[in-house]
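What follows is one structure encoded as structure tokens, with my remarks underneath.
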Amino acid sequence: MARSRTAEPPTTTRTRPEDEYLGVGSSLGYGLQHVLTMYGGIIAPPLIIGGVAGVTPQEQGLLIAACLFVGGLATILQSWGIKFFGSQLPLVQGTSFASVATMTAIAQGEGGIQAVFGAVIASAVLGFLITPFFASIVRFFPPVVTGVVITAIGLTLFPVAARWAMGGNAQSPEYGSVGNLGLAGLTLLIILLLSKVGSAVISRLSILLGLVLGTVAAVLLGKADFSQVLEGNIFAFPEPLAFGPPVFEVAAILSMFIVVLVILTETTADIIAVGEIVDTKVDKKRIGDGLRADMAASAIAPLFNGFTQSAFAQNVGLVAITGVKSRFVVTAGGFILVVLGLLPVLGRVVAAVPPPVLGGAGIVLFGSVAAFGIRTLAKVDYKNGFNLIIVATSIGFGMLPIAVPEIYANFPGWFETIFHSGISSAAVMAVLLNLLFNEFHAGNPPRGTGSVFANAPVRAVRYESLEHLQDHLQEGDTVKNGKLMDCDGNEVPVITSAGEIVDTRICRGREDTPGSPGGHASH
């Protein structure tokens, strides 16, 4: 007789949120939304660098097409991923704006744009070789660091949204006009209203629909011009080494290598940030795979007349606000970028979207990144005061070059290259301060003493508000010995309007009284 066997439940493997497949149609729709979000950012570097290098209008178009084509391939590699290459996260790749200043300086030298291509290739190869080091620093990115970096990413992008909303071109007489700002505001309003509708599909596509409807409004107002869309080639494949062979100059390579260090730092931060948003595991291996994809794409890009590649922070915001976590959506966006690179006519259509429309969408996108950073910082323990110092100093340090872009103009070039970026400034400071206060404990004062930050209460109740205390209670609050205690057992101090802490029994005769929002306590 056969022995009976107890049935065992089938083994199930937890599907990662980013591995969800939404189908071809939805993936292409959401992917197009990603492309529209980053299109202005990906075409700006070739426009700037080509202008400085003195290329012809036809060559300028070639540079733009090349950046779209290479950015699409890099995006597919990063999001789809192959062994050792690609983080397999919804990260859009494109020409890094962090390298524009250095590349324009190189382009003005004797080697011209060929020296730019040579410097990008050599520095990317060096960056590829040191990716294991950057992949090993993930343990130094606890929530206090990642929260700072994510917040800084959102905040540092706001000037981009502001310039878009004003019109994009500072030399235009319409720059900052009521009409441009009104169009940005209208686009923002459309996105907010579409986000509120009952349909989940419409809500998720609110950014794309807002861009489309905002562009329609711009056409009706005479602020969008599609008349030149059909001028030029319909199809054009990026010609390899169209500007000649790359030129390798030592000084140019060294300056670009500093930029590569910044790109590696920012990409590491973006990988961690999108991992937080998607709620998926990001370990050393995954960061290493993502950085290798970054550097490999950057090294190959100049062969097709492209430049350094990195993750686009604004698209991290799109993932946050739409809630679409599928990496295959971004892969679809990569294929769209490749097509745009092969079909300049489609690229001209997207390029016709007015900057104020992009600015209206940017307010929501970039603000959502900062909001996710703040949510991450809410998980941080501030009791000892050290983390408060880290957050305060790092965000402040990161905002310096945003508030005053020329603040480091008199510093050495390598220093200005690294710290001119608010993201890398905040990231470097947060990592160093976390090491100083949380990793190296020697010299730290006893817990809760020795620092004005440590002694500053995170929460307090105003003395004048005691008569309406129930309006200020939070989940888990209790009253013990006449004093208000939070859910962690810490006393919530009572302060005067001048900020002084007073010794006041707020609930005489009532002990161990539970409190909750909307609850009641006698006074």
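The values are calculated or read from the model by the stated rules, or taken from the named source; none is laboratory data. Every value quoted in this text rests on a predicted model; they were computed, and no experiment measured them. So basically every Cβ, Gly included, is an ideal-geometry build from the backbone, and we count neighbours across all protein chains shown. Remember, those area values only see protein heavy atoms, side chains included, never the ligands or the DNA or RNA. Shrake-Rupley method; radii C 1.70, N 1.55, O 1.52, S 1.80 Å.
Side notes on the structure shown:
- Across the accessible surface of region 109-226, with the other protein chains kept in place and a 1.4 Å probe, carbon and sulfur atoms take up 70 percent.
- Signed unit charges on C-beta, dipole axis of region 139-261, positive-most listed residue PRO173, PRO159, ILE253: PRO159
- Measuring r between the beta carbons of LYS285 and ASP381 and using R0 = 41 Å, the FRET efficiency lands at 0.90.
- Selection of trypsin sites (Lys or Arg not before Pro), region 309-400, meeting DSSP coil and at most 15 other Cβ within 10 Å: LYS379, LYS383
- Gain in span if fully extended, GLN474 to ALA403, counting 0.36 nm per residue against the direct Cα distance: 21.9 nm
- Percentage relative contact order, region 72-168, counting C-alpha pairs under 8 Å, at least six apart: 12 percent
- For region 236-256, the residues whose backbone nitrogen is under 17 Å from a point 7 Å from the Cα of GLU110, taken along Cα to Cβ, are 246-254.
- Distance violations [Cα-Cα > 21 Å] among LYS281/LYS379; LYS281/LYS325; LYS196/LYS223: LYS196/LYS223
- In plain terms, the chain from LEU436 to PHE415 could stretch by 5.4 nm, reckoned as 0.36 nm per residue minus the Cα-Cα distance.
- Rounded if a/c under 1.5, otherwise prolate or oblate - region 272-323, Cα gyration tensor axes: oblate
- Coil-residue trypsin sites (Lys or Arg not before Pro) of region 247-289, DSSP, other Cβ within 10 Å capped at 10: LYS281
- Nearest-0.05 FRET efficiency for SER136 and LYS83, computed from C-beta distance (R0 25 Å): 0.80
- Rounded accessible area per residue of region 87-126, 1.4 Å, Å²: 28 Å²
- Solvent-accessible surface of region 245-303, taken per residue with a 1.4 Å probe and all protein chains present: 33 Å².
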